[in-house]
Amino acid sequence: MSPATSMKVENVEAICSSQRAHSRRGHGVSPLLAASTRCIMIAELRWNIFDLVAPPNMPVSIARELRESHQTMYFDFPRMRKTLLALALTCKSFTEPALDLLWRHLGGLEPLIRCLPQSLWKEDEKKLKFQRTMTLDDWSIFCKYNYRVHSLDHHCHKTYSEPAICDTEILRALSCPPFSLPLLPNLTSLTWTEASDETFHYIRLFVTPQLTMLNISALPRSDYGGPFFTFGPSEQSILSFIAQSCPSVSHFVFRDKYHSIESIGDTSTVLQCWSHLTSVGIGTVSEAALLHLSNLPSLRVLKFQLPPTPISAATQRLLQRPAFCALQELDVTCKSLVILEAFLEKLTVTPKVLSFTITHGAGSARALPALISHLPDVCTPNSLRQVRFSITGHPPDRDTSFEAAAFQPLFAFRNLRKLDIESKLYYISVRMDDAALLQMAKAWPHLEELHISRNCGSRYQVTPHAFVLLLWHCPRLVSLAVAIDWSTIDLYTISPDIPYQGFSHKALSTLFTRGSEIQNPTAIASFISAIAPNVREIEGSGDPWPIVQDLLEYLPMIREQGRKMMLNELTRGYYGVVQPRRRQ
């Protein structure tokens, strides 16, 4: 190495060392400055002010999920970033805190690459590629920004939401920096999206001892060619490296592109290396790993798949002692209810959310009532808020149903907010009548979502009267999926009388009513709009239901317009109408 090159390497290392030691300590403030100026020169105050205009202090992937699910306000990220950039260019004292906030969360490596000289990279078919080797000068520029990044959401392959992504060659070029790894030394949150066999091992470039959140999604095996992910010894070795390098991980998710955990391999060895886990979403785990998780006092969320064989009696006895003491959400996937019942047999937990997915549905639907009857022994009555059962696969026959009385053991959970019975691949129904629906309404006054027959029709239906009584007893109900027989309303034209003496339920916004087909969509829409005027999404059986959907959008506006016209008429009648004077 020439003396000049050696000096450049030392300069890059010095820059990296300086940036790693970067802090936001304030400098001495002259007492001659104005009070407002002295205040803005205080580093901590300046940081807090800038943080108000910065994007939310959460990983990009989480902010995106919340925004798409409408659980938080809309964040205008481009405007926020422009504001921070303007602050960074205002004066020297603003530059560092503004740039720190600007680079805090990255939705990919593209911004870092675009800061490098234009001669280094090019954009080819919406994909960034290097067109020459990185020099020490390039690395010096890279090191001016890399230490500022605390959260990275990297998309390994082309997606519709992230059209411009880095070529794999860029990851390969970044693998040998003139300083010690990791590439982003202050990273605390890492999301590695759509990983394949080719891209998964590059994740090691970004793991840091400070990492607390690790979210990995892998490409499932494709029938159409292209990249996919296989879980083998090499991938297991990389995960072991991550576990040793990142002892403070508290949030760990490893799933495929479609948020499924079934196709992901066993991560038991990795899990047993972490003792601070608060949220876990993984595939199949061993009994040893399951016992390790059950002993963690910090674990709040657990989503996993049970092994294909029932757990042993020894493990059942160990789970009988206080286990999962802090668990708030339990999501279990298994092949059959026999395996699930063996896991729950001795368990006592206090979750708010309980979700079960049965992937081999043969016989599971008929066994579901037995599982429901066991839940009061598993969960404490005051804790449970949400219950979900999802059964997939094909049963021996195409007509599987059970009595609504099977839900009576759940009446013990008076604080229940959501109940969802989901069947994706075959016909399953609940023999529901008015009396059963009324029992549910009285048992769960805080109900927000009730989904009994969302994905399929049912010949077991309730009347519109029971539908109204449900709304009467459950004022918080937002979403409902139950089969309703609309024939008593469908046979007549719109009634001139206000139904149910003007009762109106303001909360309901979504209605799945796979009951009988209708002939008079105007009458149905008028009734629903009067009882639940805020319904904006409705789905039923047959072609007329889209007409009901359209009418529900306009009926409230027509009703409001009619109300204003009536008020105007009353006002004119009370005060009289002033006639213009005739000319003499």
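The values are calculated or read from the model by the stated rules, or taken from the named source; none is laboratory data. Quantities reported herein were computed from a predicted structural model and do not represent experimental measurements. So basically every Cβ, Gly included, is an ideal-geometry build from the backbone, and we count neighbours across all protein chains shown. Heads up: the accessible areas ignore ligands, DNA and RNA and are worked out on the full protein's heavy atoms, side chains in. Shrake-Rupley method; radii C 1.70, N 1.55, O 1.52, S 1.80 Å.
Model label sites at TYR492 and ARG317, defined 7 Å from Cα along the beta-carbon direction, differ in position by 6.8 nm. Looking only at region 524-560, which residues have a backbone nitrogen under 20 Å from a spot 7 Å from the Cα of VAL478 in the C-beta direction? Once the point is set 7 Å along Cα→Cβ of VAL478, 532-539 turn out to lie under 20 Å by backbone N, inside region 524-560.
Accessible area per residue was computed with a 1.4 Å probe on protein heavy atoms; THR212 scores about 50 Å². The residues TYR460, TYR500, sorted by heavy-atom accessible surface at 1.4 Å with ligands and nucleic acids left out, run TYR500, TYR460 from largest to smallest. Stretched out straight at 0.36 nm per residue, the stretch from VAL338 to GLU198 would grow longer than its current Cα-Cα span by 46.5 nm. Stretched out straight at 0.36 nm per residue, the stretch from THR348 to ASN382 would grow longer than its current Cα-Cα span by 10.9 nm. With R₀ set to 60 Å, the beta-carbon distance separating SER509 from SER237 gives a calculated FRET efficiency near 0.75. Computed from the C-beta positions of CYS273 and LEU205 and an R0 of 25 Å, the FRET efficiency is 0.80 to the nearest 0.05.
Take the Cβ atoms of ARG414 and ASP137, set R0 to 51 Å, and the FRET efficiency comes out at 0.15.
In whole angstrom, region 421-502 maps to an equivalent ellipsoid with semi-axes of 23, 18, 11, each derived as √(5λ) from the alpha carbon gyration tensor and ordered largest first.
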